[in-house]
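If you scroll down you'll find the structure; I have some questions about it.
The values are calculated or read from the model by the stated rules, or taken from the named source; none is laboratory data. None of these values were measured; they are calculated from a predicted model. In this analysis, Cβ positions are derived from the backbone assuming ideal geometry, glycine residues included, and neighbour counts consider all displayed protein chains.
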Amino acid sequence: MLLDYYNNRRSVEEIVNGPRAVFLNEMFSAKSNFLIMGDNAKALRALAHHDDIKGKVTLVYIDPPFATKNEFRIGAGRTSTMSRSKSDPIAYSDAIIDHAFLDFLYERLILIRELMADDASIYLHIDSKIGHYVKIVMDDVFGRVNFRNDISRIKCNPKNFDRRAYGNVKDMILFYTKTERAVWNDPRLPLDGSDLTNRFNKTDEKGRHYATIPLHAPGETNGKTGQPWRGILPPAGRHWRSAPETLEALDKQGLIEWSKNGNPRKRMFLDESAGKKIQDIWEFKDPQYPNYPTEKNLEMLKMIIAASSNEGDLVLDCFAGSGTTLLASHELNRQWIGIDQSEHAIKVTKMRLESSLATGSKMEVKVFSQIGTTAKRDEKLASQKNLPSRLQKYAA
Ligand SMILES: C[S@@+](CC[C@H](N)C(=O)[O-])C[C@H]1O[C@@H](n2cnc3c(N)ncnc32)[C@H](O)[C@@H]1O
């Protein structure tokens with residue numbers, strides 16, 4: 001049973017206080033960007049004990065392995081999403097499966113939550129084979145009330161699968177916030193020609209294009225918005241969108257259009273429109289010539305970062321791969337922290353960041369490599385304590 005993790009999981013205290021990474025140089029600061037090479041649980045624990053970083057992260061995007069049992073290889077000068085050549089080195093192995101995978105993810109999500117600010121968001125990218133179980137783990141860690149969206153991401157063109165099933169062109173992104181106060185910049189899509197012909201197809205006396213929308217919304221109320229306005233009751237099961245005095249003011253400004261049979265609708269002008277609300281089906285196909293296996297779409301990351309963080313905020317990706325999140329953060333003037341245990345991932349990320357043309361500036365990427373854990377250090381200290389005092393100074 002996949003959800004066994006639930007009965008066997010460790011307590012939050014045990015997870016947070018487990019062995020933490022010790023780095024060659026511990027000079028982290030939330031004011032600088034850095035990459036960490038090593039296991040993310042130990043690295044996240046080290047960050048969670050750092051005052052500059054704990055509770056300071058505004059946005060997390062993670063794209064962990066999907067429990068597929070695949071080995072992802074990387075070929076020199078010939079990168080494809082999945083290199084089939086056995087002679088190519090392994091970039092990373094996706095070997096943890098079933099309930100061990102949910103446990104693996106649960107522990108990392110607990111640590112990530114420690115790092116998130118109260119106005120932070122998390123986006124978790126996963127496929128639909130394991131994703132529904134991961135949704136339960138996310139509910140467990142972040143609370144069902146903080147679930148925002150299950151986004152279907154169209155990842156590729158339609159394919160002729162041999163399987164006796166429909167083709168699979170999507171995966172999923174689970175979007176949660178830590179609290180109700182999360183940063184939200186409400187990104188919009190620009191209007192296009194079809195909006196002019198299909199939606200904003202009316203013109204007023206000044207030639208301005210407009211559309212109309214109902215003045216009422218679903219749900220009955222006993223308050224002012226449930227009462228008749230100008231003798232008209234909202235339709236059954238609905239209420240006026242605004243109180244009668246606001247509706248009067250809108251009408252005085254010429255913002256209400258009355259149909260021939262006396263039905264009022266609100267005018268929305270094309271030249272005042274902020275664009276179209278983005279919905280929960282996205283098309284951001286994976287790059288055709290990736291730098292790294294399973295590399296994600298840079299424009300998608302830019303949209304996520306612009307929606308859920310502001311300039312100067314700290315962004316974390318602890319399954320950084322080729323550093324797509326870090327590159328997008330850098331180009332949008334966010335601070336970032338990336339973690340990955342694959343040396344190929346670190347190499348590709350460094351190369352992509354250092355040659356980012358968009359910022360026009362050459363940057364040096366600081367890489368911290370894990371050289372041990374606090375468990376090893378504690379063991380060593382304990383063994384030093386057992387030495388006769390005259391020898392302890394030589395023990396380090
Ligand atoms: C799906 S890839 C991420 C791809 C990335 N989103 C991109 O655009 O390139 C997952 C990454 O997680 C890393 N990873 C897996 N387990 C890890 C762990 N325990 N600690 C650190 N990194 C890990 C792998 O090395 C791999 O690079």
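Kindly indicate whether Tyr106 is among the hydroxyl-bearing types (Ser, Thr, Tyr) and farther than 16 Å from Asp280 by Cα.
Numbers: among the hydroxyl-bearing types (Ser, Thr, Tyr): yes; farther than 16 Å from Asp280 by Cα: yes.
For Tyr106, the condition - among the hydroxyl-bearing types (Ser, Thr, Tyr) and farther than 16 Å from Asp280 by Cα - is met.
Consider Lys296 against the criteria (1) free of Cβ contacts under 8 Å to residues at least 60 places away in the same chain; (2) of a type outside the set (Phe, Trp, Tyr); (3) within 25 Å of Lys347 (Cβ to Cβ): it satisfies all of them except one. Which criterion is unmet?
Among (1) free of Cβ contacts under 8 Å to residues at least 60 places away in the same chain; (2) of a type outside the set (Phe, Trp, Tyr); (3) within 25 Å of Lys347 (Cβ to Cβ), the lone unmet condition for Lys296 is (1).
Inspect all residues belonging to segment 39-62 and state whether any of them is in the same structural domain as Asp94 (by TED's automatic domain parsing), part of a loop (DSSP other than H, G, I, E, B), within 15 Å of the ligand (Cβ to nearest atom) and closer than 23 Å to Ser309 by Cα.
Filtering segment 39-62 down to residues in the same structural domain as Asp94 (by TED's automatic domain parsing) leaves 39-62.
Among the residues that remain, those that are also part of a loop (DSSP other than H, G, I, E, B) are: 39, 49-56.
Checking the rest, the ones that are also within 15 Å of the ligand (Cβ to nearest atom) come to 39.
Cutting the leftovers down to closer than 23 Å to Ser309 by Cα gives us none.
Checking segment 39-62: not a single residue is in the same structural domain as Asp94 (by TED's automatic domain parsing), part of a loop (DSSP other than H, G, I, E, B), within 15 Å of the ligand (Cβ to nearest atom) and closer than 23 Å to Ser309 by Cα.
Let me ask something else about it. Within the bounds of segment 13-30, is there any residue that is at positive phi and assigned by TED's automatic domain parsing to the domain that holds Val365?
First, pick out the residues of segment 13-30 that are at positive phi: none.
No: segment 13-30 contains no residue that is at positive phi and assigned by TED's automatic domain parsing to the domain that holds Val365.
Within segment 210-221, is even one residue more than 22 Å from Asp271 (Cα to Cα), modelled with pLDDT of 90 or more, assigned to a loop (DSSP other than H, G, I, E, B) and within 40 Å of the chain's Cα centre (by Cα)?
Within segment 210-221, one or more residues are more than 22 Å from Asp271 (Cα to Cα), modelled with pLDDT of 90 or more, assigned to a loop (DSSP other than H, G, I, E, B) and within 40 Å of the chain's Cα centre (by Cα).
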